[in-house]
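Notes to accompany the following structure.
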Amino acid sequence: MRGFWAAVAVMGLALSGTARAQDALSPVDIPFYGAVAEQTVGDARTGEAVSWSANGRSGTIQFSAADGPCKTFFIAETAPERRPPAIGTVCPRADAPGRHVASSIRAAASGGPRGEPRPSIARDVPPPAPPPPPPPGASGGTRSIGGAGGATRSLGTGAVTDVRIRFVLLNRSQVRLDNAGGHAVVLMRSPQQAPNAQVRNRRLCEAIQRQIETRTYAQAEIGLEALGNGRYAAIRPLFWLLRDAGGGASCDQRVRNYDFVRAAAIMDKVGLRTAGEGPFIVVSRDDQTAGATIDMTMLTNAQIDPMVQYFRERFGQKADIWSPAVNTVSFRRQSLSEVFRDQFTDGLVRSISTFAAPRSLGACIGDARDATPCAR
């Protein structure tokens, strides 16, 4: 294994003069990511985000369920710099049982700057040769894996079909990711700040956990998931802020472990410092300069559940939801009435707003760790 990575290092040095655009794969990235996939596929479980590290670079990789002899992989590099995720195929080698070959490696389509899904586009990659057939009677070193996951065919243009909201726990040391053009975050006040906060915060947590599927932070970093039938979705995370990684999985425990300090820092950025008692769900554009807010201050406890449904189905994944030209009063009225039906009131329309972060706040706006105080 050590000799293999040494060969990769030599190849990387030979190509190091090539410029690395932030939104494309370079001639260095393509063989490097292929090598990572070839070396990790044998031990990886379907859908599991596996950490990798080589040549001073590290990240996560995830494999979909096998489609015949081959698997699709999603790979994300997180250090020394965060790179856009990539997608590719890895197949058993016909001439070397137990070994694999990667192909069709290209920049994955999560979501554009406006949040809408965009097709996968092959970049810096020649048309891949057909994958080799498996040797007769041999498995090629791959395990037989069942369970959920999408087929790995039809991975060209149009493979990424939509944006899905997924619930992701965020520790204090982790950055807010900008997948699918943006992300969402749950913001809550502490019981010391708002007398009814404990009950309402727990009610919001229960509604989210009941309605929105949970993904790990590593899966959110990869940014894509298989839907089946050759289709893939970009993940737009809804973050729940935690003070530490422990604390238990029940809503009572997660509310107790909620990071109210970080929440207050984000409220400063999005103009909620002097707003109501909340709780709030905020969708921020990837550069954090604009966003949209669902303010649940005036909602009854019973209305929190359908508001989470509204966020999941009509709001959180919508392209440019932070734009006043998209998030209009007429849009809110129509989309809210479709979810709340006979419980709809115009007060619900007033619970939704957009914001633009003023430049006067300084460097705190672009700080995805929320550790930089906002200028006053």
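The values are calculated or read from the model by the stated rules, or taken from the named source; none is laboratory data. Note that this is a predicted model, so its numbers are computed, not measured. FYI the Cβ positions are ideal-geometry reconstructions off the backbone, even for glycines, and counts take in every protein chain you see. Each accessible area value is taken on the protein alone, full model and side chains, heavy atoms only, with ligands, DNA and RNA left out. Shrake-Rupley method; radii C 1.70, N 1.55, O 1.52, S 1.80 Å.
Just one of (1) in contact with a helix residue (DSSP H, G or I) (Cβ under 8 Å, 6 or more places away or on another chain); (2) farther than 22 Å from Asp162 by Cα fails for Glu338. It is (2). Just one of the listed residues (Arg341, Arg312, Arg273, Arg350) is within 26 Å of the chain's Cα centre (by Cα), open to solvent by 30 Å² or more (accessible area, probe 1.4 Å) and within 25 Å of Asn201 (Cα to Cα), namely Arg312.
Hey, Asn201 hits all of (1) under 20 Å from Leu348 (Cα atoms); (2) open to solvent by 10 Å² or more (accessible area, probe 1.4 Å) but one; which does it fall short on? Condition not satisfied by Asn201: (2).
Taking the stretch 280-309 as the range and being in contact with a Lys or Arg (Cβ under 7 Å, 6 or more places away or on another chain), surrounded by fewer than 23 Cβ atoms within 10 Å (Cβ to Cβ) and of a type outside the set (A, V, I, L, M) as the test, the residues that pass are Gln288, Asn301.
The condition of being within 29 Å of Ala233 (Cα to Cα), open to solvent by less than 40 Å² (accessible area, probe 1.4 Å) and either modelled with pLDDT under 85 or more than 21 Å from the chain's Cα centre (by Cα) (or both) does not hold for Ala76.
So in the stretch 353-376, with the set limited to residues that are assigned to a helix (DSSP H, G or I) and without any contact (Cβ under 8 Å) to a residue 60 or more places away in the chain, which one is most open to solvent (accessible area, probe 1.4 Å)? Among those that are assigned to a helix (DSSP H, G or I) and without any contact (Cβ under 8 Å) to a residue 60 or more places away in the chain, it is Arg359. For the residues Ile281, Ile321, the requirement of being more than 21 Å from Gln192 (Cβ to Cβ), β-branched (Val, Ile, Thr), out of contact with any Ser or Thr (no Cβ under 6 Å at 6 or more places or on another chain) and not in a strand (DSSP E or B) singles out Ile321.
Within the stretch 193-251, being assigned to a strand (DSSP E or B), on the phi < 0 side of the Ramachandran plot and over 14 Å from the mean Cα position of the chain (by Cα) holds for Leu227, Arg231, Leu241, Leu242.
Just so you know, in the stretch 265-279 the residues that are modelled with pLDDT under 95 and touching a Lys or Arg at 6+ places or on another chain (Cβ under 8 Å) include one that is nearest to Gln303 (Cα to Cα), and it is Gly278. Inspection of the stretch 183-191 finds no residue satisfying the criterion of being among the β-branched types (Val, Ile, Thr), closer than 14 Å to Arg312 by Cβ, in contact (Cβ under 8 Å) with a residue 12 or more places away in the chain and assigned to a loop (DSSP other than H, G, I, E, B).
Answer with yes or no whether Ala265 is in a helix (DSSP H, G or I), of a type outside the set (Val, Ile, Thr), under 19 Å from Ala76 (Cβ atoms) and open to solvent by 10 Å² or more (accessible area, probe 1.4 Å). When the stated conditions are applied, Ala265 does not pass them.
Do you know which residues across the stretch 276-306 are free of Cβ contacts under 8 Å to residues at least 24 places away in the same chain and of a type in the set (A, V, I, L, M, F, W, C)?
Within the stretch 276-306, Ala302 is the sole residue that qualifies.
Considering each of Arg93, Arg106, Arg83 in turn, give the residue that is open to solvent by less than 70 Å² (accessible area, probe 1.4 Å), modelled with pLDDT of 80 or more and closer than 30 Å to Asp287 by Cβ. Before the answer, list the steps.
Numbers: Arg93 fails: closer than 30 Å to Asp287 by Cβ; Arg83 fails: modelled with pLDDT of 80 or more.
Arg106 is the lone residue from the list that is open to solvent by less than 70 Å² (accessible area, probe 1.4 Å), modelled with pLDDT of 80 or more and closer than 30 Å to Asp287 by Cβ.
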